[in-house]
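Worksheet: the structure to be examined is printed underneath.
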Amino acid sequence: MRTDIFARLDREPEPPKIEVPGMTRTRLALFGGTLAFYLAIVVAVLLSTWLVTLDWKIMLFRPYQQWPDLHPFLDYYVVLGQRGPTAVMVAAWLGWRSWRQHTLRPLLTLGAALLLLNVTVGAVKLGLGRLGPHYATQIGSAELFAGGDIFPSGHTANAVVTWGILAYLATTPRARRYLSALSAVVALGVGLTTVYIGTHWLSDVLLGWAAGLLILLALPWCEPLISRVEAIVLSARDRLREQLRARRRLVPSLPVATGGPRTTLYPQRPAAAEEPVRETVGAHSGRASSAPRADGRLAPPLAGTRTHTAHAGHAGHSARPERPPVAPAGSRRPPRSRPLTGG
C-alpha cells in the first residue's frame, strides 16, 4: 500500500462516502438575503437611483487611464471569468475526480450549475437590454431596453459559479473553507477588472455576484435530479458492458499453433471415408448374384460379395427390403420364324 503523496492520485477501490450538502436553515437564509439584494439592484437601476449616478461617476473617472500599468496584467486576469476557458479547466479537474471516485456527480453538478447560469443570467440580460459604458448614449441614463446584454455581468457570475463549484464539491470542511475563500477572491477580482477596463457598470458587477451566488446556494435542490440522472447513466453503462461481454463469449478467440488445426464457425462435411457405400445398379449389385450355366444349374455366388439375411435378428442389421430384379437388356429367346403368307 502506497503511503506517499502520490497515492492520492490513484483510483480509489470503491466509491467513497461523500456527504451531499443539503438545504439547511443557514443556506436558506443566505439564499433569501441574496435574492433580496438581487431584486434591490434591479429596482435601483430601473428607477435610475443613486446607483446609476455612481455608475456614471466611475465610468467618467476612467480607471484604465488612471492606472495604465495594470492594464496588461488585468487583460489576462479577466480570462478567469470567461465561460469557455474556465469551463474547460474546471471540467478537466472534475472529470478526473469522477474517474477516481467512481461517480458522475462532480460533472453532473457542474453541468447543472452552468445550465442554470445560462438560463437565468441570459434571460435577464436579454430582457433588460442594457448598454455598456463604451456604448452609452446619454449621461445619467440607465441605458435600459436599448438592445444591450451586459446586465448582469456574465464574467462575474461565471467566475462565481465556476470557481465556487470547487468549494461546493469539496470533500472535507477544511478544503471547503479554503476553496470558498479562493473562489470569492477570484470572482471579486474578475468583477472589479471589468469595471477597470470599462466593459461593465458597477451595478452590473453587483448583480453578477448576486446571480452567481444564488445558483450556488440553490444547488442542493438539484441533488435529487442529479442522483437520478447518475443512476440512469450508470445502469445504461452496465447494460452496454454486459452486451459486449456476451458478444465476446459467442466468438471465442483461441490461440492456434503454427500449422495446427483452426477452429471454424461452420459445420464441415464428413470425410470421404465416412460416407456410406452406395450400391450400383448393374451386373455387380450389393446382393449375391447367380449366373446360369450351360447345364441349367445356378452358379454359386462370386467370392467377396456380400449376402444379406432375411432374418431381422441378425446382429446389428435390420432386414432390408428386396429390390425388384432388373430385367436384362434384350430377350434371351431365339426369334421364331414366322410363316410366309400364301406358302
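The values are calculated or read from the model by the stated rules, or taken from the named source; none is laboratory data. Model, not experiment: these values are computed from the prediction. Counting neighbours? That spans all protein chains shown, and the Cβs are built from the backbone with ideal geometry, glycine included. Areas reflect the complete protein model, heavy atoms only, side chains present, ligands, DNA and RNA absent. Shrake-Rupley method; radii C 1.70, N 1.55, O 1.52, S 1.80 Å.
Assorted remarks:
- Among 37, 50, 98 the positive-end extreme of the charge dipole of segment 1-132 (Cβ point charges): 37
- Global geometry of segment 35-116, whether rounded, prolate or oblate, following the gyration tensor of its Cα atoms and the 1.5 cut on a/c: oblate
- Residue 102-residue 23 FRET efficiency (beta carbon distance; Förster radius 25 Å; 0.05 resolution): 0.45
- Site pair residue 238 and residue 141 shows an inter-label distance of 6.2 nm when each label is modelled 7 Å from Cα along Cα→Cβ.
- Surface exposure of segment 17-58, expressed per residue as accessible area with a 1.4 Å probe, stands at 67 Å².
- Shape of segment 13-163 from the C-alpha gyration tensor: prolate (a/c of 1.5 or more and a/b above b/c, with a ≥ b ≥ c the square roots of its eigenvalues).
- For the pair residue 182 and residue 118 in one chain, pulling the backbone fully straight at 0.36 nm per residue adds 20.7 nm over the alpha carbon distance.
- Accessible-area composition of segment 150-228, carbon plus sulfur, in percent [1.4 Å probe]: 75 percent
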